Amino acid sequence: MRDLDLSLAPDPVERLASLLRLRFGEAWVPDPVTGGYSALLRTRTGRAMCATPDPATNRIILQAWVDWDWVTPTAVYTVDPAGHRDLAYWLSCGDLTDAGHAMKQRLQSLLDQLEPVPPLTDGGEPVDLNAAEQQLEHLAAQAGELTRQSVQFTAGLVYRKPVAADAQHLVRLAGHTARIAGRVDTLRGHAPTTDSVPRR
């Protein structure tokens with residue numbers, strides 16, 4: 001297997017996506033509609049995996065899902081960025097060989113927990129569990145939770161409490177909400193564009 005070409009993806013998240021694609025093969029295509037916070041890869045068969053760096057805890061949050069179900073198994077990979085100033089620098093310049101193998105094992109374990117094909121009706125037709133209208137309630141609940149956590153974060157600011165961990169939680173929650181919203185838009189027939197997604 002080819003070594004990673006550091007010149008191709010100097011951005012930490014882009015390099016993480018390149019690493020995952022290298023480990024899982026060309027069938028997995030990076031999805032740019034992530035806001036720049038997560039490495040999201042998809043296949044044409046409706047499978048997806050996501051790796052989100054968490055600089056506050058030196059962890060990478062790993063998730064996997066399929067488009068016809070809302071089950072999202074999650075795991076973490078804890079990084080030891082010794083010799084590097086932070087997680088982002090380690091992702092940009094560090095030796096990711098061992099980390100790549102470890103993350104592949106964890107992600108493969110998550111993928112193995114998912115339904116391999118969409119469930120079928122009695123007539124043998126795929127059940128459309130992921131229809132946009134059926135998922136709007138789930139998306140609204142997620143948005144409500146994001147609002148609640150934002151209020152809690154603001155209260156922490158007002159009362160001068162530690163807020164870094166809450167901010168990282170908000171980033172992950174917002175990223176998850178954005179992914180759900182993107183899937184709903186796709187099901188409604190609205191093709192997402194990178195122009196409409198704010199970048200860091």
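Some values worked out for this structure:
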| quantity | calculated |
| --- | --- |
| Where a residue in region 51-64 is open to solvent by less than 10 Å² (accessible area, probe 1.4 Å) and at pLDDT 90 or above and its partner, wherever it lies, is of a type outside the set (A, V, I, L, M, F, W, C) and assigned to a strand (DSSP E or B), with Cβ under 6 Å and at least six apart | I60/P53; I60/Y77 |
| Filter result for L111 (modelled with pLDDT of 90 or more, farther than 19 Å from Q168 by Cα and not charged (D, E, K, R)) | yes |
| Those residues of region 75-106 which are assigned to a strand (DSSP E or B), in contact with a Leu (Cβ under 7 Å, 6 or more places away or on another chain) and open to solvent by 50 Å² or more (accessible area, probe 1.4 Å), in sequence order | V76 |
| Filtered residues of region 24-50 (kept if hydrophobic (A, V, I, L, M, F, W, C) and either open to solvent by 40 Å² or more (accessible area, probe 1.4 Å) or within 11 Å of the chain's Cα centre (by Cα) (or both)) | A27, V29, V33, A39, L40, L41, A48, M49, C50 |
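The values are calculated or read from the model by the stated rules, or taken from the named source; none is laboratory data. A quick note: this is a predicted structure, and the numbers were derived from the prediction, not measured. Here Cβ is always computed from backbone atoms with ideal geometry, including for glycine, and neighbour counts include all displayed protein chains. Accessible surface areas use protein heavy atoms only, side chains included; no ligands, DNA or RNA. Shrake-Rupley method; radii C 1.70, N 1.55, O 1.52, S 1.80 Å.
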